[in-house]
Amino acid sequence: MDQHSKSIDGALRARAQRVIPGGMWGHQNSPRLPAGYPQYFSRAQGCRTWDADGREYIDFLCGWGPMILGYGDADVEAAADRQRALGDAMNGPSERLVELAELMVETVPHADWAMFSKNGTDATTACLTIARAGTGRRKILVARGAYHGAIPWCSPSVAGVTEEDRAHLVYYNYNDVGSLEAAAELCKGDLAAILVSAFKHDLGKPHELPTVTFARKARALADSADAALIVDDVRAGFRLAMGGSWETVGVRPDMAAWSKAIANGRALAAVTGNDRFREGATRIFTTGSFWTAGVSMAAAIATIRKLSAVDAVAHMRAMGQRLRDGLDAQARKHGVPLRQSGPVQMPVLLFENDIDRKLGDTFCLEALARGVYLHPAHTLFLSAAHQEADIDKALAVTDEALAAVARL
């Protein structure tokens, strides 16, 4: 009998199995993680979470990315509470809709307009639809292995998906200019958009920041075809640069998809775009009963303003660098093949030649048992709530976890 069968978490899993297909869904499905990870949580504050059985963790997953200021940020909660007292889902949007659109246009250099929905998949799908409406063409270039949402055109699963769902996708390799050029040539005369991730963050693989050469080529190919360059900033938005992740390489898209951190944990997504695709955006039909709800928009306004006011990007970069430097030193000390990649605000921690993930699973489980929540394959997230003391406390734990890996 494992520990979960005698725990509150285990009881919740058993109940869920009876009423939810598979007991859970999506990337929150912790049975896909090594045995020992909790699936249910009771509360969260700052950069800490408590599972259903009361165990406390320094959290480096941040709710899979949304918590950028920290759980329960007082300023965001106050803004949400004020709007909740006035109304949330009503017959039409509140004034917050216009305020948030104005703020997005003010914050994001490529943006002449903004529109909103609830999930990252909503936003990426809307970008593609707008690109097709604005160009009258069909083909979309997409990087092999990239994740852009949970819907048939891009789902990592093929269950329930038809060939027709993906008939007009053409694939290239991220950061490979020749591959991108070849894909564009295949679509000559019918190219609607080039879709790129903020950076290459495929699950369980080393992360890659975009090269300037690759980013510029993507921009040039889109321009030469009068197609849209779309950045999927759902995962990385506001962590690498306030104006959009590709500001770091000096390339601006025609459209970008946003979600996760935009409202510090509340359900909201956005599309930002330039005037070239304004008419296309007006012609498509996209809606949802809760897409104009005011509370999440009030939270987003407070989140974006505070991120700018406290220079959260610089803080997250500093905390991420502190963590990376500490882990590098520990890995050398223990002689273990830890490889860190991706931006320091959003790292992935992998081990060389760890095909069965034995090293990664051991490392993360040892850290989990000591109160630090990491993931053996997914992008991690720093937040503005992580402080030096939190990083140093986490490093004391990872030192012991890496020692355990060294003993294998």
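A short reminder: the numbers here are calculations on the coordinates, not readings from a lab. None of the values given here were measured: they were computed from a predicted structure. Reconstructed Cβ throughout: ideal geometry from the backbone, glycine too, with neighbour counts over all protein chains shown.
Data for the structure
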quantity	calculated
Paired Rg and Dmax values of region 74-309, which use every Cα atom, in angstrom	17.5, 55
Karplus 3J(HN,Hα) series, Hz, for region 308-322 with 6.51 cos²θ - 1.76 cosθ + 1.60 (x for Gly, Pro)	5, 5, 9, 6, 5, 4, 5, 5, 5, 5, 5, 5, x, 5, 4
Rounded to the nearest 20 debye, dipole of region 74-309 from Cβ charges on Lys, Arg, Asp, Glu	220 debye
Peptide ranges 248-256, 294-302, 42-50 listed from the most packed, as the mean C-beta count within 10 angstrom indicates	294-302, 248-256, 42-50
Counted charge near Ala396, where neighbours are those whose Cβ lies closer than 14 Å (Asp, Glu -1; Lys, Arg +1)	-2
Taking region 184-300 and dividing mean pair separation by its residue count, relative contact order in percent (alpha carbons under 8 Å, at least six apart)	20 percent
Helix 212-225 vs. the chain, principal-axis angle (Cα, 0 to 90°, nearest 10)	30 degrees
log10 of Debye I(q)/I(0), alpha-carbon scatterers only, for region 74-151 at 0.12, 0.14 Å⁻¹	-0.53, -0.70
Principal axis dimensions, largest first and in whole angstrom, of region 281-392 by Cα	56, 33, 26
Cα long-axis angle, helix 120-135 against the chain (0 to 90 degrees, to the nearest 10)	20 degrees
Degrees, to the nearest 10: 8-19 long Cα axis against longest axis of the chain	40 degrees
Percent of Cα-Cα distances greater than 18 Å, calculated over region 52-193	73 percent
Farthest positive-ward along the chain dipole, Cα basis, beta-carbon charges - from His148, Leu327, Pro253	His148
Euclidean distance of C-alpha centroids, region 134-194 and region 92-107, integer Å	31 Å
Cα-Cα over 29 Å, subset of Lys118/Lys358; Lys118/Lys217; Lys217/Lys358; Lys200/Lys358; Lys217/Lys306	Lys118/Lys358; Lys118/Lys217; Lys217/Lys358; Lys217/Lys306
Overall Cα dimensions of the chain - principal axes, largest extent first, Å	58, 54, 45
The chain, dipole about Cα centre (Lys/Arg Cβ +1, Asp/Glu Cβ -1), debye to the nearest 20	480 debye
Overall dimensions of region 226-355 by Cα: Rg and Dmax, Å	18.5, 59
Sequence ranges 174-182, 372-380, ranked by mean other-Cβ count within 10 angstrom, highest first	372-380, 174-182
Value at 222 nm in deg cm²/dmol, rounded to 500, when DSSP H runs of n ≥ 4 in the chain each add -39,500 (n - 2.57)	-12000 deg cm²/dmol
